[in-house]
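The values are calculated or read from the model by the stated rules, or taken from the named source; none is laboratory data. In this text, all values refer to a predicted model and were calculated from it rather than measured experimentally. Backbone-built Cβ (ideal geometry, glycine too); neighbour counts: all protein chains shown.
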Amino acid sequence: MSISTTRTPLFAADWLVDGEYREETVGMLKSGKESEVSLIARIAGGRTSDNIGGREASAVVYSRGERRVSYIAEKRFKSRLFRGFQGDTAYREDRYRGPGGARVLRGIRRKRAAGHALLEGSWMGHEWEALNELYEAGVTVPPPVGRIEVTERASRTTRVEAAEGGYRMAFIGDAPVAAPRLSAVRLAPDEAERVWRLMLVEIALMLRAERVHGDLSAYNVLYWRERPVLIDFSQTVHVVTHTGARQLLRRDVERLAAYFQRQGIAASVDRAWDRVDAERALDGRLR
Ligand SMILES: Nc1ncnc2c1ncn2[C@@H]1O[C@H](COP(=O)(O)OP(=O)(O)OP(=O)(O)O)[C@@H](O)[C@H]1O
Ligand SMILES: [Mg+2]
């Protein structure tokens with residue numbers, strides 16, 4: 001498949017306000033069981049880090065007049081610490097009864113919490129790294145802005161109560177309205193044909209970067225300015241070394257094809273497979 005790598009970038013290179021700025025939280029874009037996505041306005045000039053929430057803030061933002069504003073989407077993951085972990089703790093704690101046991105136990109808990117925070121950090125880092133790689137590879141994704149480190153807040157009993165980290169990227173949409181997910185968009189057949197082709201280019205570009213999205217569907221694609229923008233790289237895997245890559249790629253293509261078929265076009269999984277050069281990518285022959 002011939003891939004045009006000279007597409008217009010989604011964002012100008014200088015889209016992000018730098019130098020002196022301050023930031024305001026405009027509101028929550030999405031709050032789910034595992035993550036939260038909020039909209040941040042970065043306003044040129046002034047002091048940094050004002051945090052005003054909700055409606056009030058958006059009123060403030062829109063009266064800024066000539067000041068340059070960049071809109072940032074911040075995705076934070078909710079803590080997984082101690083999820084499904086209690087039973088294991090109780091079992092081991094039996095061994096530390098008796099004199100001095102409590103102190104030893106406290107130490108263990110502290111270390112374990114730190115270990116989990118570390119694990120959590122690497123798991124979040126995965127999505128952040130994938131976003132960066134794909135961005136560099138020219139895949140249409142929100143330009144990455146920065147990582148938010150996991151913060152630990154330990155209570156008196158040394159139980160970690162919160163460990164939320166995440167990352168920031170460009171907000172996709174016309175603030176404060178986020179671009180719809182493709183799943184919520186109804187496309188006319190000729191438009192569907194065009195977007196399906198664009199999606200195959202995105203998949204092909206990902207494969208060239210040796211990555212499989214792994215959770216691709218119309219739910220993880222935003223539709224903005226007539227272009228599909230890929231998000232949510234938590235399941236992204238390496239195309240050659242990951243043993244599940246083939247199945248994941250197949251599922252990605254199938255789910256997307258199903259969406260486009262519902263839009264009334266004959267999106268064929270087998271033809272898509274050929275067009276993105278899936279077999280050669282899976283064999284590591286695309287480089
Ligand atoms: N860069 C962005 N710009 C605008 N909206 C975004 C952006 N990133 C995420 N969102 C919004 O937040 C939602 C959730 O993002 P994402 O899919 O990355 O998280 P998730 O944890 O998988 O949530 P879900 O389970 O809803 O898919 C998206 O469907 C989209 O509406
Ligand atoms: Mg998602």
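Out of the residues in the stretch 141-159 that are among the charged types (D, E, K, R) and over 26 Å from ARG227 (Cα atoms), state the one that is modelled with the highest pLDDT. Only one residue fits best here, namely GLU149. Assigned by TED's automatic domain parsing to the domain that holds ILE203, at pLDDT 95 or above and within 16 Å of ligand 1 (Cβ to nearest atom): is that true of LEU216 in this structure? Yes; evaluated as a whole, the condition is true for this residue.
Would it be correct to say that ALA192 is more than 16 Å from ligand 1 (Cβ to nearest atom), within 16 Å of LEU134 (Cα to Cα) and assigned to a helix (DSSP H, G or I)? When the stated conditions are applied, ALA192 does not pass them. Only a single item in (1) surrounded by fewer than 22 Cβ atoms within 10 Å (Cβ to Cβ); (2) touching a Lys or Arg at 6+ places or on another chain (Cβ under 9 Å) is not met by VAL212, and it is number (1). Against the numbered list (1) within 16 Å of ligand 2 (Cβ to nearest atom); (2) in contact (Cβ under 8 Å) with a residue 40 or more places away in the chain; (3) outside the structural domain of GLU36 (by TED's automatic domain parsing), ARG227 comes up short only at (1). Taken over the stretch 162-181, the criterion of being of a type in the set (Phe, Trp, Tyr) and over 18 Å from LEU10 (Cα atoms) is satisfied by TYR167 alone.
Go through the stretch 184-193 and count every residue that is out of contact with any strand residue (DSSP E or B) (no Cβ under 8 Å at 6 or more places or on another chain) and either surrounded by 13 or more Cβ atoms within 10 Å (Cβ to Cβ) or modelled with pLDDT under 95 (or both). Looking only at that region, the number is 4.
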